[in-house]
1. Please calculate the 1.4 Å probe accessible area of His36, with all protein chains present, and give it to the nearest 10 Å².
2. Roll a 1.4 angstrom probe over the protein heavy atoms and tell me the percent of accessible area of the chain that is carbon or sulfur.
3. Express the relative contact order of the chain as a whole percentage, based on alpha carbon pairs under 8 Å and six or more residues apart in sequence.
4. Which value at 222 nm does the chain reach when only helices count, each DSSP H run of 4 or more adding -39,500 (n - 2.57), with the total divided by all residues and rounded to the nearest 500 deg cm²/dmol?
5. Report the accessible area of Val64, computed with a 1.4 Å probe over the heavy atoms of all protein chains in place, in Å² rounded to the nearest 10.
6. Using amide H atoms built 1.01 Å from N in the peptide plane, name the residues 5+ places from Cys130, or on other chains, whose amide H lies under 5 Å from its own.
7. Output needed: Cys residues of the chain lacking any neighbouring Cys C-beta below 4.7 Å, sorted by number.
8. Name the long-range amide H neighbours of Arg149: under 5 Å, sequence gap of 5 or more, or other chain; modelled H, no Pro or chain starts.
Amino acid sequence: RDDIVTTAAHAFFGPGGSPRGTLSACVFALNTDGVHRRIPFDIATLQVGTRNPYPLPPADDWAVVRLKEPVVGARPYEVGDGAPIGTSIVLVAHRHRGWAYDGLRAIEACRIRAETAAPPRDPREIDIDCSAGDGASGSAIMVPGSTCRMVGIYVGWRSSHPDAISPYSAHHLNFGITVQGAFRD
């Protein structure tokens with residue numbers, strides 16, 4: 001929809017479950033056609049997997065909130081039912097710290113490399129070989145095609161050097177969660 005935002009729960013709640021500032025002051029900021037807009041969130045509609053995301057599995061680190069007004073002219077993403085290992089994806093994450101070398105890159109082509117070994121649950125945690133870092137949390141993980149489908153969101157990294165572009169490995173990976181289960185509902 002043109003009035004719904006998905007992101008990571010830790011964008012709203014910090015360690016210990018405390019709000020990151022005054023939630024009622026949160027806005028969705030966007031630039032379109034050279035015009036900067038700030039649309040307030042309707043915090044009463046905020047749904048999260050958890051209010052204390054750091055000690056819990058990443059699958060609980062999601063948030064959905066309605067905007068107080070729609071984004072005029074927006075074409076909402078189609079939402080997919082996840083994607084299997086090996087799927088080519090794009091990460092849409094504008095100006096996060098991991099891309100500081102050019103500061104402008106917004107879309108990176110990459111791939112889903114693995115799912116966690118934890119018991120299956122929805123949403124599922126997925127490992128991706130995209131480059132990311134602070135500020136990318138909640139960014140859309142999309143499957144490209146004639147109509148792009150959002151299949152997940154970026155949540156975090158397990159890397160000894162998250163800001164550097166490196167081959168995917170057990171020492172350098174980023175992860176997200178699929179838009180499934182309670183998150184999709």
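1. Only protein atoms counted, so the area is about 110 Å².
2. On the way: 5120 of 9580 Å².
Accessible surface attributable to carbon and sulfur in the chain totals 53 percent.
3. On the way: 441 pairs, mean separation 39.2, N = 185.
Over the chain, the number comes to 21 percent.
4. Working: 1 runs with 4 residues, N = 185.
Calculated from helices alone, the mean residue ellipticity at 222 nm is -500 deg cm²/dmol.
5. About 30 Å², ignoring ligands and nucleic acids.
6. HN-HN under 5 Å from Cys130: Arg111, Asn174.
7. Lacking a cysteine Cβ partner under 4.7 Å: Cys26, Cys148.
8. Val143
The values are calculated or read from the model by the stated rules, or taken from the named source; none is laboratory data. Since the model is a prediction, treat every value here as computed from it, not as a measurement. Cβ coordinates were reconstructed from backbone atoms using ideal geometry, including for glycine residues, and neighbour counts include every protein chain displayed. Surface areas here come from the heavy atoms of the whole protein model, side chains and all, with no ligands, DNA or RNA. Shrake-Rupley method; radii C 1.70, N 1.55, O 1.52, S 1.80 Å.
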